[in-house]
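Before any comments, here is the structure.
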Amino acid sequence: MVPIKSYCALDGFYEMYDTIGSGGFAKVKLGVHCLTGEKVAIKIMDKKQLGDDLPRIRLEIEAMKSLSHQNVCKLFQVIETDAKIFMVLEYCPDGELFDYIVERDRLTEDEARHFFRQIVAAVAYIHHKGFAHRDLKPENLLLDDDQQLKLIDFGLCAKPKGGMNSHLETCCGSPAYAAPELISGKCYLGSEADIWSMGVLLYALLCGYLPFDDDNIAILYRKIQSGVYEKPEWLSESSMEMLDQLLQVDPKRRITVAQLLHHPWVLKDCNPSYNVQWESIYQTKELDDECVTEMAVSVGKSRKAMHSILSDWSYDYNTATYLLLWKRKQLSKSVRLMRDQQSIPGTPVSGLKRNLIDEMNSADDNRRNSLKNSPRGLHTSLEGGLDDVDLLAIGQGSPIETQPPFSHQLNNNMTPLAKKRPLEEKEMEYVFAKPVSVAPTPSRKTKRQSPDHSKLSPSRSMDSALDDISKTPATPRSSRVNDENRWLDTPERGGAAGSKSTRKMFGSIERGLDRVRLMLTPRRRQLHRTGGETEFSSSGPNVVDNKALYNVSTTSSRDPDFVLSELRRALQSKGIPVKQKGYTLRGRITEGVRAKLSFELEVCLIPRVDVVGIRRKRLKGDAWCYKRVCEEVLRMASIQTAA
Ligand SMILES: Nc1ncnc2c1ncn2[C@@H]1O[C@H](COP(=O)(O)OP(=O)(O)OP(=O)(O)O)[C@@H](O)[C@H]1O
């Protein structure tokens with residue numbers, strides 16, 4: 001996989017790859033940290049677009065800097081330019097817990113417990129640190145490749161000045177997960193509100209749908225305030241009791257996180273000595289000697305000097321390098337930075353080292369100049385150059401060669417790497433090699449944007465949005481694909497609005513897809529297998545790696561073109577405007593000018609069973625709405641096919 005055009009501020013520090021998620025405020029891209037070769041997630045925010053929400057992002061950054069826990073997504077670095085804020089985060093390749101549930105209809109009690117324990121651990125830890133999350137939901141829990149949950153999205157968190165026993169007033173979060181006292185407009189305790197959300201979350205894990213759900217926000221609130229929810233017969237007595245303790249309308253009768261840590265349901269089948277590991281395994285007080293030494297040696301500084309630089313926890317490239325090295329050590333990987341270049345002419349090999357040295361010198365200068373009161377961790381030495389240029393799609397050519405605009409002042413001798421002359425090897429004892437291009441595995445899912453209604457404001461239902469779309473006059477446009485790398489509009493067609501919401505949605509996407517039985521004459525196609533998971537091919541659909549069947553449903557067809565046209569037809573007949581790039585269809589439902597929901601359905605090839613698959617990917621919008629829309633689209637596709 002080829003890295004895509006990068007942002008100037010990240011040049012030489014990170015290689016950038018595909019977008020792996022987007023939210024209301026950010027685009028998240030896969031990156032590779034150049035000195036360690038470790039994958040990271042880079043959350044990119046445009047300051048202008050953030051507008052009044054900028055303080056919220058600053059709060060999120062400050063919160064994440066003070067949180068280090070195995071079940072909280074780790075912040076490695078913050079880079080701020082004139083135009084952008086970049087947050088470099090621990091990469092969670094296995095996507096959202098929401099999608100994990102969707103794939104399985106609902107989880108078994110043991111599996112739900114496995115995840116719930118980790119949620120309890122994360123929440124106990126953040127509460128202990130004085131934060132309430134206030135937006136706990138399965139979309140905000142990501143999975144790493146070891147089934148460990150990582151809590152993200154601290155944009156709505158609160159750290160009450162008077163501690164966790166101080167009341168909060170701001171009504172925020174996602175309505176379906178909001179506690180009764182919160183939606184009543186009363187003052188509330190953040191810790192108690194989080195516990196309620198955990199109840200909703202546990203219910204979703206065990207049942208596969210929400211305990212309180214309605215398209216009409218006023219009715220939804222009434223349901224929440226009544227505290228009455230369905231208790232399906234598959235729930236065990238003990239699970240029902242657990243839910244009952246979490247979903248207590250009166251916050252004072254609700255179970256506390258301290259009680260949860262020792263709760264028999266949570267600890268079931270555990271060794272008697274086992275405790276929910278709510279304390280952090282990260283050591284931030286003491287730096288790891290081996291990692292410090294490696295970094296010191298690499299740039300020819302003394303260990304003491306390096307120790308002192310890292311002790312600042314500036315959340316710059318040094319912090320990121322240290323944390324990633326430390327993480328490698330925990331995984332028994334080598335604690336070595338990239339060096340000993342197999343010199344690639346013209347590459348910014350030694351520039352990498354120079355950048356690190358520059359950063360360290362700048363850190364030293366900063367210390368000397370007592371500039372510590374500048375925004376902590378905000379890397380202000382680079383100004384955005386190409387930041388506003390949107391990234392190219394994969395397969396659209398080589399990384400950008402464009403020179404950064406030199407109207408921007410670059411501090412600290414931080415010459416853009418593209419301009420750097422490779423450093424003579426003898427100049428330095430250790431020279432960082434150009435990092436081997438790691439073929440990253442893109443996340444197999446992306447993320448919702450909390451829709452407007454998720455901020456507790458009344459909004460139209462998805463059905464009505466679909467209704468409106470269906471009323472929009474059709475605009476005939478060409479649907480012919482002549483360039484796979486461009487998104488092309490396909491003709492819109494008015495069609496039936498979405499059917500009435502069905503509560504039982506998990507798993508039905510799979511069932512819907514299973515009904516896509518396309519029994520056309522099998523036509524063999526050349527498979528375009530790639531080293532990574534999939535790759536855009538100029539002559540056919542992507543081949544999914546057998547290990548990456550996440551979010552992919554199989555059909556019985558061997559004809560990708562037919563599946564593609566059926567999907568397109570279904571989307572259009574639902575009145576959902578569609579754009580097409582190769583074998584990927586992007587559907588977008590708007591509310592005003594903003595995208596309320598955007599998602600992709602990609603027709604791909606599954607080599608193991610030699611059939612066509614459909615990969616689903618939510619780009620933006622409420623997860624449950626996405627699920628319903630996909631379900632309806634796929635059902636329609638199958639009906640039309642059957643007909
Ligand atoms: N560390 C990560 N690893 C992998 N994917 C990630 C990571 N962080 C975020 N994502 C993906 O990007 C999506 C958007 O991220 P995030 O929720 O932080 O954005 P946001 O704009 O703050 O969202 P919101 O609109 O809820 O405030 C996530 O749902 C997830 O799919």
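The values are calculated or read from the model by the stated rules, or taken from the named source; none is laboratory data. The model shown is predicted, which means the values in this text are computed figures rather than measured ones. Every residue, glycine among them, receives a Cβ derived from its backbone with ideal geometry; neighbour counts consider all protein chains shown. The protein model used for the area step is the full one, side chains on, heavy atoms only, and it has no ligands, DNA or RNA in it. Shrake-Rupley method; radii C 1.70, N 1.55, O 1.52, S 1.80 Å.
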Which residues, taken from the stretch 298-313, are out of contact with any Leu (no Cβ under 9 Å at 6 or more places or on another chain) and open to solvent by 10 Å² or more (accessible area, probe 1.4 Å)?
300, 301, 302, 303, 304, 305, 308, 312, 313
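Conditions (1) open to solvent by 10 Å² or more (accessible area, probe 1.4 Å); (2) in the same structural domain as residue 146 (by the TED database); (3) charged (D, E, K, R), marked per residue:
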position: 23; (1), (2), (3): yes, no, no
position: 33; (1), (2), (3): no, no, no
position: 40; (1), (2), (3): no, no, no
position: 45; (1), (2), (3): no, no, no
position: 58; (1), (2), (3): yes, no, yes
position: 61; (1), (2), (3): no, no, no
Just to be sure before I move on: is residue 158 more than 16 Å from the ligand (Cβ to nearest atom), out of contact with any Asp or Glu (no Cβ under 7 Å at 6 or more places or on another chain) and small (Gly, Ala, Ser) in the structure I sent?
no
Here the residues within the stretch 136-171 that are in contact with a Leu (Cβ under 6 Å, 6 or more places away or on another chain), more than 17 Å from residue 69 (Cβ to Cβ) and crowded, with 20+ Cβ neighbours inside 10 Å are 138, 158
Within the stretch 41-70, can you find the residues that are under 28 Å from residue 276 (Cβ atoms) and more than 13 Å from the ligand (Cβ to nearest atom)?
62, 65, 66, 67, 68, 69, 70
Tell me, please, whether a residue that is open to solvent by less than 20 Å² (accessible area, probe 1.4 Å) and touching a Gly at 6+ places or on another chain (Cβ under 6 Å) can be found in the stretch 250-270.
no
Is there a residue in the stretch 632-643 that is under 21 Å from the mean Cα position of the chain (by Cα) and closer than 21 Å to residue 100 by Cβ?
no
I'd like the residue in the stretch 95-154 that is part of a strand (DSSP E or B) and not charged (D, E, K, R) and, out of all such residues, is farthest from the ligand (Cβ to nearest atom).
132
List the helices (runs of 4 or more DSSP H) inside the stretch 284-372, counting only whole elements, that have at least 3 residues being at pLDDT 50 or above and of a type in the set (Lys, Arg).
317-330
Report, by residue number, each residue of the stretch 94-121 that is at pLDDT 95 or above, among the β-branched types (Val, Ile, Thr) and open to solvent by less than 40 Å² (accessible area, probe 1.4 Å).
119, 120
Failed condition for residue 207, given (1) crowded, with 24+ Cβ neighbours inside 10 Å; (2) within 16 Å of the ligand (Cβ to nearest atom):
(2)
Residue 73: away from the ligand (no atom under 15 Å from the Cβ) and in contact with a strand residue (DSSP E or B) (Cβ under 9 Å, 6 or more places away or on another chain), yes or no?
no
All-but-one check, residue 229 against (1) without any contact (Cβ under 8 Å) to a residue 40 or more places away in the chain; (2) in a helix (DSSP H, G or I), failing number (2)
Here the residues within the stretch 11-35 that are more than 16 Å from the ligand (Cβ to nearest atom) and of a type outside the set (Asp, Glu) are 12, 13, 34, 35
Would you check if there is a residue in the stretch 66-88 being in contact (Cβ under 8 Å) with a residue 60 or more places away in the chain and either at positive phi or in a helix (DSSP H, G or I) (or both)?
no
